[in-house]
Structures are given as structure tokens and as C-alpha cells.
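Note sheet for the following structure.
The values are calculated or read from the model by the stated rules, or taken from the named source; none is laboratory data. Quick caveat: nothing in here was measured; it's all calculated off a predicted structure. Cβ placement follows ideal geometry from the backbone for every residue including glycine, while neighbour counts extend to all protein chains displayed. Protein only, heavy atoms only, side chains kept; ligands, DNA and RNA dropped before computing areas. Shrake-Rupley method; radii C 1.70, N 1.55, O 1.52, S 1.80 Å.
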Amino acid sequence: MHQLSPIADRAAAPATLPQITAGDLAWRPATLDDVPRVTALNNTIAEADGAPYRETEDETREELGAAWRDLEHDSLLGFDADGDLRVTAFVAWFPGDTTTVRTFAFGGVHPERRGEGIGREVLAWQLARARQILAASGKQLPARIGTYAEDDDPASKHRLYLHAGLEPRRYFSDLKRPLTGDAPAIPQVELTGSLRLVPFSPELDDAIRLAHNDAFRDHWGSQPQTMEQWTNGRSEFAPEWSYAVVDDAPDVAALLADEATDASTRAALDAGAPLVVAYALNSRFEADFAVRGYTFGYTGILGTRRAYRGRKAALAALAASMRAFADAGMEAAVLDVDTENPSGAHGLYASLGYTKEHGSTMYSIEL
């Protein structure tokens, strides 16, 4: 394996951050008191760019209020002479990263203030701050600075990222599956052996997190989630639509013998905790219904422990989710998928009637 140079050397963090002079704006860090104005600007940008989503204040508050966020140093808001918010800039990082240390830049410029060079200077500030965060992490791991763009975003946004040295790295598809009219029947999935489908419950939450960390350990870009990360951002979570599959008689000895079984799962098994082997966690994004023109349930997290792939456990959880959406009167099921997902999920979704509606690209600098 190639020996990495120290993270401080690779990050090449500047001692000071670049000034933003374009647009003649007044700049300061964000606070949670800014949630309403940040949400309003995000939605103005989304509407101008034809994005298939809108944001609620609860979502913004969860994003900015995460316990590990440092808004004082990792955010900037730009205001015009009238005191109106015109630009947001944020840099995010994640406490659970163990094999790749990551930072992500997000934010935007009000449509009326585009073309003034503000976005270019803001991105330079974000990339410089991201390098500082990576260097300060002390984690001797591969490192990433990432950001996202919708396929329907202005071409100038994609060019901006490329000009700054960010490269298109992964592609994601937003998939829809009708549940009404002539939609195909939702499959009936019979689980075998000691596997059992159960509704989501708070008591299973940590076991689901451990299953997720196992399921996604071979997925590009995924990192283990701490419980703090796992439960953050659930304002739109629909527990009544969510499911898990448990193994009532797991082969504990075999699981413990697998060196890839993480320490948290080992401790849970030793303590006799239930073994969740698959899960589907879903949300109800009502703010998006009018934008998309239909009601839907959204599957945000779906997976199967590696040792249980091929036993239709995740399919059972997904089918139960779709049935719950339909029973609640939803017109469609929606989810996002990495087009290079190693589990072959994209083909599974196609076989269930999911088709692509939108797409996005993750750009990154790999260090």
C-alpha cells in the first residue's frame, strides 16, 4: 500500500483565508438565528435552478445545528447594503470518518447576484477552509474535499468546480416508482430461516446503525456513522414507514470470527442485542410534493449486512416501505442511488419499476 505523506503536507492549508471582495457585500459567520433567511435563500436558488426539492427551516436548523458543527469558523453569510442575505458558504466535516477524512462545501449565490465573480471567490474561501480543517484533523488518512451539483444546475456551476480543480467523481440518480394507476404490483417477499421483518422502533435504532456501517463499508465515499451523526437530520423522518429485518438466531460465532465485524457489532452481539441484518429508513418530504407534482415516500437509507446479501432481506424491507407509502395514499416511491453501487442496487431498482427522474454529480479533490 502506498505510504501517505502527513495530512498537514497533503492538505497544504493556508495560514489565512482569502478575502471575498466581489459584490461589495458584508460578511459574517452564520448562527442558528439565521435559519429562516438561509432557508429562504436556499429555496430561492432551488426554484431558479429547477431543483426537485425545497428545504424546511427544520431541515436547515438540523444541518447547521449539528453538535460537531463550528459555524463561527466554517461558515460565511454575505449581505447587501439593505441587509438582505445574498450568499451562503458552509464547509462541513464528519466526526465518524475512519478510512477517509472528508470535508464538503455547500452554499449558493442569489440568482440576482450571479455573474459578479462572487461564487468564484466564495469557492476559493471554502476550499481554503476545507484544507485547514483537514490539516487540523491530524488523521493520517486519504482526504477529500467534495461538493455536489444537480444535472440541471447552470452549466456555469459545473465549470466553476472544474476550474477550481474539482473533478467529477461519482454520479447519482434520483429514481421514482409509481404506486398508483397501472403501476406494477409491489412484490411479496418471503424471508427464509430465522429472518423476520419488523417495524422500526427506537430500541432498534443503534442496531440499525451498526448494520448500516457494515452494509456500506465497501461503498465508495461511505464512512462509519456515530450515533450522533446517525440521529441528526431526522425532521422529515417517517418511522411509521420504516422497517428492519432481524435474525432471531444469528450465527454469532461466525460473525465474531469475521475480522471485518467491527468492534461495536462485536460488543452488541456479546451483550445479546438483536442483530439487524437489513433496513429501510424512510422520510416524508411534504415541501417537495408541489415541486414534483406528486406525493411520495422517500427511501433515504437502505442496506443489507454483507454476510446476508442474496437473502432478499433489504428487498423485504423496501417492499414493506412501498406498501406503507401506498397505504398512506402516496402516489410514488422515490430514492437516490450511486450509479456505481457495488451491491448492484441500481439493477434491483430497475426491476422493481424505478426509473430515473433527476441526477447529480459529486465533484472532489482527492488528497
Being modelled with pLDDT under 90 and open to solvent by 30 Å² or more (accessible area, probe 1.4 Å) is the filter; apply it to segment 197-220 and report the residue that is farthest from Ala271 (Cα to Cα).
Trp220
Select from segment 172-221 the residues that are among the aromatic types (Phe, Trp, Tyr) and part of a loop (DSSP other than H, G, I, E, B) and write down the one among them that is nearest to Tyr279 (Cα to Cα).
Phe200
Please go through segment 223-249 and pick out each residue that is of a type in the set (A, V, I, L, M, F, W, C) and surrounded by fewer than 15 Cβ atoms within 10 Å (Cβ to Cβ).
Met227, Ala249
Working carefully through the options Gly107, Gly78, Gly50, Gly83, find the one that is on the phi > 0 side of the Ramachandran plot and either touching a strand residue (DSSP E or B) at 6+ places or on another chain (Cβ under 7 Å) or basic (Lys, Arg) (or both).
Gly107
Check Gly300 against each of (1) under 25 Å from Gly233 (Cβ atoms); (2) surrounded by 20 or more Cβ atoms within 10 Å (Cβ to Cβ) and name the one condition it does not meet.
(2)
Looking at (1) outside any strand (DSSP E or B); (2) charged (D, E, K, R); (3) at pLDDT 95 or above, which is the only condition Asp153 fails?
(3)
Of residues in segment 48-82 being closer than 18 Å to Arg114 by Cα, part of a loop (DSSP other than H, G, I, E, B) and at pLDDT 95 or above, the one nearest to the chain's Cα centre (by Cα):
Asp80
Using beta carbons and a limit of 7 Å, which pairs, at least six apart or on different chains, have the first residue in segment 133-156 and free of Cβ contacts under 8 Å to residues at least 24 places away in the same chain and crowded, with 19+ Cβ neighbours inside 10 Å and the second one of a type in the set (Lys, Arg) and assigned to a strand (DSSP E or B)?
none
Do we have Arg86 as of a type in the set (Lys, Arg), closer than 20 Å to Val38 by Cα and out of contact with any helix residue (DSSP H, G or I) (no Cβ under 7 Å at 6 or more places or on another chain) here?
no
So in segment 250-297, with the set limited to residues that are open to solvent by less than 40 Å² (accessible area, probe 1.4 Å), in contact with a Leu (Cβ under 6 Å, 6 or more places away or on another chain) and among the hydroxyl-bearing types (Ser, Thr, Tyr), which one is modelled with the lowest pLDDT?
Thr261
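Return yes or no: is Thr16 assigned to a loop (DSSP other than H, G, I, E, B) and either at pLDDT 95 or above or basic (Lys, Arg) (or both)?
Values: assigned to a loop (DSSP other than H, G, I, E, B): yes; either at pLDDT 95 or above or basic (Lys, Arg) (or both): yes.
The answer is yes for Thr16.
Taking segment 24-39, which residues are assigned to a helix (DSSP H, G or I) and either loosely packed, with under 15 Cβ neighbours inside 10 Å or in contact with a Gly (Cβ under 7 Å, 6 or more places away or on another chain) (or both)? Even if it seems obvious, please write down each step before you answer.
So the first thing to find is which residues in segment 24-39 are assigned to a helix (DSSP H, G or I), and the list is 24, 32-39.
Asp24, Leu32, Asp33, Pro36, listed by residue number.
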Taking segment 342-367 as the search range and keeping residues that are within 10 Å of Ser173 (Cβ to Cβ) and buried (at least 19 other Cβ atoms within 10 Å of the Cβ), which one is modelled with the lowest pLDDT?
Tyr349
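Mind checking which residues of segment 89-108 are open to solvent by less than 40 Å² (accessible area, probe 1.4 Å) and of a type in the set (Gly, Ala, Ser)?
Ala89, Ala92, Gly96, Ala105, Gly108 - these are the residues of segment 89-108 that are open to solvent by less than 40 Å² (accessible area, probe 1.4 Å) and of a type in the set (Gly, Ala, Ser).
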Taking Glu62, is it free of Cβ contacts under 8 Å to residues at least 12 places away in the same chain and surrounded by fewer than 20 Cβ atoms within 10 Å (Cβ to Cβ)?
no
Quick check on segment 112-124. Is at least one of its residues basic (Lys, Arg) and either open to solvent by less than 20 Å² (accessible area, probe 1.4 Å) or in contact with a Lys or Arg (Cβ under 8 Å, 6 or more places away or on another chain) (or both)?
yes
I need a count of the residues in segment 83-130 that are under 18 Å from Ala30 (Cβ atoms), among the aliphatic types (A, V, I, L, M) and in a helix (DSSP H, G or I).
5
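Here's the yes/no breakdown for (1) open to solvent by 40 Å² or more (accessible area, probe 1.4 Å); (2) touching a Ser or Thr at 6+ places or on another chain (Cβ under 8 Å):
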site	(1), (2)
Asp49	no, no
Ala66	no, no
Ala81	yes, no
Val87	no, no
His110	no, yes
